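Worksheet for the structure shown next.
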Amino acid sequence: MATRLGLAKGDLILEVGHSSDCDEDLRTQIREITATDFLDGDVNEVVDAVILWWRDSDGDLVDELVDALTYLSESGPIWVLTPKSGRLEHVPPSDIQDAAPIAGLSQTSTIAVAKDWTATRLVARKAGKR
């Protein structure tokens, strides 16, 4: 399923929100594709993508998205991974749809990436576009 995230060998990935409930198979697949380890918020590098594990009780999504943007390359996506509908800590899709434009992001797609997780792809809005 990780191949659907559009990641490539050598990509630097910032991972935010990792916890014991995250899908370890998906994480392993991402590391195999990129052949790199995940970076955490303590780095000062520009990354090719952000994997954000997000749950309903995690706080302010807008703040977290803005923070993630500080590390992200111009063309890189933020993948917001949320528990699927009916799962504990499910995040309504409207929460992401509402937070994305406030953070300066556009939602491009939502896909199932693991048994219990859905991934929503967010990208920076282009300057001058309406």
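Just so it is clear, none of the values below were taken in a lab; they were calculated from the coordinates. Just so it is clear, the structure is predicted and the values come from calculations on it, not from any experiment. Don't worry about glycine lacking a Cβ; one is built from the backbone with ideal geometry, like all the others, and counts go over all protein chains shown.
Data overview
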| read-out | value |
| --- | --- |
| Amide H contacts under 5 Å for VAL47, placed H, 5+ residues apart | LEU72, SER73 |
| Estimated vicinal HN-Hα couplings, Hz - region 67-77 in sequence order (Karplus 6.51, -1.76, 1.60; Gly, Pro = x) | 4, 5, 4, 5, 9, 7, 5, 4, 9, x, x |
| Antiparallel bridges, percent of DSSP beta bridges restricted to region 1-125 (to nearest 5) | 55 |
| Residue-by-residue Karplus 3J(HN,Hα) for region 96-108, coefficients 6.51, -1.76, 1.60, Hz, glycine and proline x | 6, 4, 6, 6, 4, x, 5, 7, x, 10, 10, 7, 10 |
| Counted charge near VAL46, where neighbours are those whose Cβ lies closer than 14 Å (Asp, Glu -1; Lys, Arg +1) | -4 |
| Phi to ³J(HN,Hα) by Karplus 6.51 cos²θ - 1.76 cosθ + 1.60 over region 43-52, Hz, x for Gly, Pro | 8, 10, 9, 7, 10, 7, 7, 10, 9, 10 |
| For the chain, fraction of C-alpha pairs farther apart than 17 Å, in % | 54 |
